[in-house]
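The values are calculated or read from the model by the stated rules, or taken from the named source; none is laboratory data. Predicted model only: the values in this text are computed from it and were never measured. Here Cβ is always computed from backbone atoms with ideal geometry, including for glycine, and neighbour counts include all displayed protein chains. Just so you know, the surface numbers come from the protein's heavy atoms only, side chains and all, with ligands and any DNA or RNA stripped out. Shrake-Rupley method; radii C 1.70, N 1.55, O 1.52, S 1.80 Å.
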Amino acid sequence: MRHFIRNSDWILILTVILLTGIGMVLIASATHGDALVAGTNRFVKRQGIFLAVNVMMAAGILMLDYHSLKRIAWPLYGITVLLLLGVMFFGHASLGAQRWIQIGPVTFQPSEFSKAFMIVCLAAFLDDRSDYLDQWKDYLPACLFMLIPFILVLRQPDLGTALVFAAITFSMFWVCGFKMKWIAALAGAFFCAAPLLWQFLHEYQRNRIRVFLDPELDPFGAGYHVIQSKIAIGSGMLWGKGWMQGTQSQLDFLPENHTDFIFAVAGEEFGFAGAVVILLLYMLLIWRGLTIALNAEDRFGTLLASGITGMYLFHVLVNVGMTIGIMPVTGVPLPFLSYGVSSLTTNMLLAAVLQNINLRHTRLQF
């Protein structure tokens, strides 16, 4: 225990604790109306129970050597594909998408866990081939490796999580030496193919892109979320209206205020100052992730840490961006803040993996 205390990355630990605590406070506020009707806040209670379970699971991960994850990479890949196929055939539909599986009283979202699984799988896949990644075509097997879960998630449909897979892949490719000229070529190919890709989007996804360019195009439909979110954040001004005092969130003008749009609740109730504090905490999280990736004792650890950090960064940029209207709405949750058992579990366990990589770098003996 003494070695653990001395060698742990306490900035990472405290950052996760603070973000999770702020998340519980915001969830309590966002679901306050529901709690008044039901007599108890089931969202806070459920999130709190699973938080305690996740802390114990994270402690268990710290006792393992992260290199053992590489040995189970292929079984994890198989489990990921089976879970995503299970969603297609046995999934529970909600809000126009089939993304959840219900087992008894527990409902979970396999695509959230698949992010963690695919970080491990792709890190192991690239680590085994790291000496042969000299040309752009050498990365094609890794792209094909990610293509199956990418397509399965896209069919749910869940474009946000599919894009997270792309962000994870790009983060690891960058570490492996993927050249800027190849990135420029991919970007050019994407823009050239955009008209063709548009034909494969669902109508609601097309509407989200349209209202991203002009929210007033459908102010009571596809653009409603963004308009109400911008009103909430703007009305918070510098110091905010106070906890549980926000009008947009408390009077149910702001949809999905405890999940995808929880940052808007923070902006309304804690103001610009509170939003900046949250963003600074995320900057600390990304900084520690990058530091751990740079200092990892081997390439597998570097790839794991870079994939995890890339996932966190993408989630923050997309979620915060969509709440202030500079990114399309994609349904990507905000790490540690948004309500959701699957999301919280994934983020907590990946933070534990980061800590594990850091501890092994310091040659900690258990």
request  = Rounded to whole Hz and in sequence order, give me ³J(HN,Hα) for region 108-118 from the Karplus expression 6.51 cos²θ - 1.76 cosθ + 1.60, θ = phi - 60°, writing x for Gly and Pro.
outcome  = 9, 10, x, 5, 5, 5, 5, 4, 5, 4, 6
ask   = Quick one: with all protein chains in place, what share of the accessible area of the chain is carbon or sulfur, to the nearest percent (1.4 Å probe)?
value = 71
key: Count, lysine Cα pairs under 21 Å in the chain, 8 or more residues apart or across chains   = 4
query = For the chain, what is the mean residue ellipticity at 222 nm derived from helices alone (per DSSP H run of n ≥ 4: -39500 (n - 2.57); sum divided by total residues; nearest 500 deg cm²/dmol)?
reply = -23000 deg cm²/dmol
query = What percent does the relative contact order of region 196-326 come to when contacts are Cα pairs within less than 8 Å and at least six residues apart?
reply = 22
inquiry  = How large is the direction-averaged shadow of the alpha-carbon convex hull of region 211-294, in nm²?
reply    = 6.6
message = Suppose R0 equals 51 Å. What FRET efficiency, 1/(1 + (r/R0)^6) with r the Cβ-Cβ distance, do K179 and F90 give to the nearest 0.05?
response = 0.75
query = On average, how much accessible surface per residue is there in the chain, in Å², for a 1.4 Å probe, leaving out ligands, DNA and RNA?
reply = 48
remark   = Over all directions, region 199-249 yields a Cα convex hull whose mean projected area in nm² is 4.5
P(r), alpha carbons of region 256-366 - 10 Å bins starting at zero, rounded % = 14, 41, 30, 13, 2
remark   = In Å, the C-alpha Rg and Dmax of the chain are 20.5, 61
